[in-house]
Amino acid sequence: MQSTGGTLRYLITEGNTGGTFEVQPETGEIRLGTPVDFEKKQQYILKYSANDGLFVADTEIVINVQNVNDERPEFDEPIYRITVEEEDEDFPRSILTVSFSLSLAKTHVFSQTCCIV
Ligand SMILES: [Ca+2]
């Protein structure tokens, strides 16, 4: 059996959560229609099909969202309390090391010492 040779139509049939992606039915071009957020969804798996009016071909498209650093750095503690002794003659001396964490996602991926008082 031969194809009719009709116009191909392209379609996303599954996985287009929230209408994030748009497909141009005539060309098959897939466009990002809304912003993606790594913190909410890291991967989309689209079922994608082409239909020539007689036959339908299906495939799968895996789209990974790349994380960018869009979170504010945070100190590890909300308040630091220390005690220093009076009449100590040893100067200068370290009394506290404060660190903060740069966050790429909800989980902290690395820490960096920022200040020595
Ligand atoms: Ca991020």
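The values are calculated or read from the model by the stated rules, or taken from the named source; none is laboratory data. Just so you know, these numbers come straight off a predicted model, no measurement behind them. Cβ coordinates were reconstructed from backbone atoms using ideal geometry, including for glycine residues, and neighbour counts include every protein chain displayed.
For V68, state whether it is surrounded by fewer than 12 Cβ atoms within 10 Å (Cβ to Cβ) and in a strand (DSSP E or B).
When the stated conditions are applied, V68 does not pass them.
With respect to the numbered conditions (1) in contact (Cβ under 8 Å) with a residue 40 or more places away in the chain; (2) exposed (fewer than 12 other Cβ atoms within 10 Å of the Cβ), which one is the sole condition not fulfilled by P35?
Evaluating P35 over (1) in contact (Cβ under 8 Å) with a residue 40 or more places away in the chain; (2) exposed (fewer than 12 other Cβ atoms within 10 Å of the Cβ) leaves (1) as the failure.
Of all residues being assigned to a loop (DSSP other than H, G, I, E, B) and among the aliphatic types (A, V, I, L, M) in segment 20-61, which is farthest from the chain's Cα centre (by Cα)? Just the residue, please.
That would be L54.
How many of the residues in segment 79-117 are modelled with pLDDT under 85, assigned to a loop (DSSP other than H, G, I, E, B) and within 36 Å of the chain's Cα centre (by Cα)?
9
Select from segment 43-83 the residues that are acidic (D, E) and within 16 Å of the ligand (Cβ to nearest atom) and list them in ascending order.
D70, E71, E74
Give me a count of the residues in segment 46-60 that are surrounded by 14 or more Cβ atoms within 10 Å (Cβ to Cβ) and within 18 Å of E22 (Cβ to Cβ).
Going through segment 46-60 one residue at a time, the tally reaches 6.
Can you confirm whether segment 11-24 contains a residue that is loosely packed, with under 10 Cβ neighbours inside 10 Å and without any contact (Cβ under 8 Å) to a residue 12 or more places away in the chain?
Looking through segment 11-24, none of the residues is loosely packed, with under 10 Cβ neighbours inside 10 Å and without any contact (Cβ under 8 Å) to a residue 12 or more places away in the chain.
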